[in-house]
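Asks: Attaching a single structure in structure tokens format; questions to follow.
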Amino acid sequence: MINVPKGTKDVLPFDSYKWQFVESRAREIARLYNFHEIRTPAFEHTELFTRSIGDDTDVVQKEMYTFLDKGKRSITLKPEGTAPVARSYVENALDACSLPLKMYYITPVFRYENPQAGRLREHHQFGVEVYGGDNALLDYEVISLAHTLLSSLGIKGLVLNLNSIGCEKCRAEYNKALRKYLSTKLDSMCPTCRDRFERNPLRILDCKVEGCKQIVADAPKILDYICDDCREHMNTLENLLKAGGIDYVINPNIVRGLDYYTKTVFEFVTTALGSQGTVCGGGRYNHLVESVGGKPTPCVGFGMGLERLLMLLDTLGIEIENHDRPDVFVLSQNVSLVPFCMDFVKSLRDCGVAAETEYTGRSLKAQFRYADKQKARFAIVIGESEKESGVVNVKNLSDGSVEEVALSSVAKYIMEKR
């Protein structure tokens, strides 16, 4: 038997309705906020990610699926959704559109890491991107969208963690202070952190090794070093969140895992999933477009893992109703009536009624069992008398009630009972 590759998972027919519901809700909320879908390829040139994400990030160093194609070109399965959108923005001259340009995507992403609950080697993201506009109003817009989506799913108890990692100017001063603090503690830190000390000390704050986390807990806080412009941006965003009724906490240790972030970074987190508590994360990345060859364009957005979101809904006991079932199951009393039943089912489908019938020659009793397993709402048995009279009994399979309805009126009847 050939098994599914490690770190991947099938979405089975009995569970796909949950994915459809969440994806549909995400699309609907995006529509309300006037975001438009963008779709990018599953793989890109490796250079896109090394230039945008950063050579010294865990994603580039450890997690990317990179290979040479038959033309000896280095290709990478996309490990996140933001950089491909930036590439598309530049390549397709989307800066010619009216700005700000508001986009969203639902896409698979690929990372070679140790599979965990809610974190697979192939997982799926809902993400939004806003291109053009450097003010905190757009930071609030994407945070508000994420908050609206999560709230609409019935999720409570989430905490919005907020931070600013400043701009190049103030971050340089902070890096000096951080290096000074860490210089006497390097021997107690992991090899990765020691390697990052000179190249990008800010990345040390993102280390998940417990010993390193304890050391950086007392490190200087970047909010004490941000410039007046970054401070004003942060203050404006905080005021907008307060006015919008979105609770938040300042977490100075949030830096996110990718190098393209500037100023605002944020995460929606929960304790319901244990250590894997981040449900949504994002921020501002004002120099991303430049890093892939475009004109200076301020951007802000987020990514939300769908596997983790579904796991959270299940953990919280939030049930998703399964609408992915037949409205009516048409049973035939004998094999000779199957063609008539199929024609009738086709007429129902043409009217927008989800209908199913018998194909395999099962007995009437077995057909009822099958209809029940399909969770059909109604059942109709067609025999010779029903065919001749044009009248059938429509049985409600949830309560057992029966009503007599003309064949020509069944579609209308079913639609009225939805």
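Asks: Mind listing the long-range amide H neighbours of Phe378? Cut-off is under 5 Å, sequence gap 5 or more, other chains count too, H placed in the peptide plane at 1.01 Å from N.
Replies: Excluding prolines and chain starts, which carry no amide H, the hits are Val328, Phe329, Leu397.
Asks: Please work out how much length the chain gains when fully extended from Glu232 to Tyr181, using 0.36 nm per residue of separation minus the C-alpha to C-alpha distance, in nm with one decimal.
Replies: Length difference between fully extended and current span is 15.7 nm.
Asks: Quickly rank 32-40, 358-366 as a protection proxy: mean count of other C-beta atoms within 10 Å, highest first.
Replies: Highest-to-lowest ranking by the protection proxy: 32-40, 358-366.
Asks: Work out, step by step, the length gained on full extension between Gln214 and Asn114: first 0.36 nm times the residue separation, then minus their alpha carbon distance; give nm to one decimal.
Replies: Gain in length upon complete extension: 33.7 nm.
Asks: Taking a spot 7 Å from the Cα of Asp247 along the direction of its beta carbon, which residues of the stretch 141-179 have an amide N less than 20 Å from it?
Replies: In the stretch 141-179, the label zone of Asp247 (backbone N under 20 Å from the point 7 Å along Cα→Cβ) covers 143-163.
Asks: Shifting gears a bit: Report the calculated FRET efficiency for Glu404 and Asp350 (r = Cβ-Cβ distance, R0 = 22 Å), to the nearest 0.05.
Replies: Using R0 = 22 Å, I get an efficiency of 0.45.
Asks: Okay, next question. At 7 Å along the Cα-to-beta-carbon direction for both His323 and Asn92, put a label point, then send me their distance in nm to one decimal.
Replies: Between His323 and Asn92, the simple spin-label model gives 2.8 nm.
Asks: Got the relative contact order for the chain handy, in percent, Cα pairs under 8 Å and 6 or more residues apart? Don't jump to the answer; show the numbers that get you there.
Replies: Numbers: 693 pairs, mean separation 64.4, N = 418.
So the answer I get is 15 percent.
Asks: Right, next: State whether the stretch 1-65 is rounded, prolate or oblate according to the following rule on the C-alpha gyration tensor (a ≥ b ≥ c being the square roots of its eigenvalues): a/c under 1.5 gives rounded; otherwise a/b larger than b/c gives prolate, and the remaining case gives oblate.
Replies: Cα axes put the stretch 1-65 in the oblate bin.
Asks: Still on this structure, please answer the following. Based only on Cα atoms, what Rg/Rh ratio does the chain have, Rh being taken as Kirkwood's radius?
Replies: 1.10
Asks: Expressed as an acute angle from 0 to 90° and rounded to the nearest 10, what is the orientation of the C-alpha long axis of helix 136-152 relative to the principal long axis of the chain?
Replies: Orientation of helix 136-152: about 40 degrees from the principal axis.
Asks: Going by average Cβ density within 10 Å per residue, which order do the peptides 9-20, 140-151, 306-317 take, highest to lowest?
Replies: Answer by packing, highest mean first, reads 140-151, 306-317, 9-20.
Asks: Right, another one. Which angle between 0 and 90 degrees, to the nearest 10, do you get for helix 228-243 versus the longest principal axis of the chain when only C-alpha atoms count?
Replies: 30 degrees
Asks: Something else now. List the cysteines in the chain whose Cβ has no other cysteine Cβ under 4.7 Å from it.
Replies: When partners are defined as cysteine Cβ atoms under 4.7 Å apart, the chain leaves Cys97, Cys167, Cys190, Cys193, Cys230, Cys280, Cys299, Cys341, Cys351 without one.
Asks: Give me the distance in nm between label points sitting 7 Å out from Cα along the Cα-to-Cβ direction at Ser385 and Ser144, one decimal.
Replies: 6.3 nm
Asks: Would you work out if the stretch 231-354 is rounded, prolate or oblate? Take a ≥ b ≥ c from the square roots of the eigenvalues of the alpha-carbon gyration tensor; rounded if a/c is under 1.5, else prolate when a/b is larger than b/c, oblate otherwise.
Replies: Values: a/c = 3.52, a/b = 2.44, b/c = 1.44.
In terms of gyration-tensor shape, prolate.
Asks: Here's another thing I want to ask about it. Taking a ≥ b ≥ c as the square roots of the Cα gyration tensor eigenvalues, with a/c under 1.5 meaning rounded and otherwise prolate when a/b beats b/c, else oblate, which class fits the stretch 328-416?
Replies: Verdict is rounded for the stretch 328-416.
Asks: Kindly state, to the nearest 0.05, the FRET efficiency for His45 paired with Lys373, given R0 = 56 Å and r defined as their beta-carbon distance.
Replies: After rounding to 0.05, the efficiency reads 0.70.
Asks: Per Stokes-Einstein, at 20 °C and 1.002 mPa s, what whole-number D in µm² s⁻¹ belongs to the stretch 45-200, with the Kirkwood radius over Cα pairs as the hydrodynamic radius? Please report the intermediate quantities before stating the final value.
Replies: Values: Rh = 18.9 Å.
D, rounded to a whole number, is 113 µm²/s.
Asks: Now for a separate question. Once the Cβ-Cβ distance between Met342 and Lys156 is put in as r, and R0 is 51 Å, what FRET efficiency do you end up with, to the nearest 0.05?
Replies: About 0.60, to the nearest 0.05.
Asks: Can you tell me how much longer the chain between Val4 and Leu32 gets when fully stretched, taken as 0.36 nm per residue apart minus their C-alpha distance, in nm with one decimal? Spell out each step's value before the answer.
Replies: Numbers: separation 28, 0.36 × 28 = 10.08 nm, distance 3.76 nm.
Contour length minus Cα-Cα distance gives 6.3 nm.
None of the figures in this text is laboratory data; all of them are computed from the coordinates on show. Every value quoted in this text rests on a predicted model; they were computed, and no experiment measured them. Backbone-built Cβ (ideal geometry, glycine too); neighbour counts: all protein chains shown.
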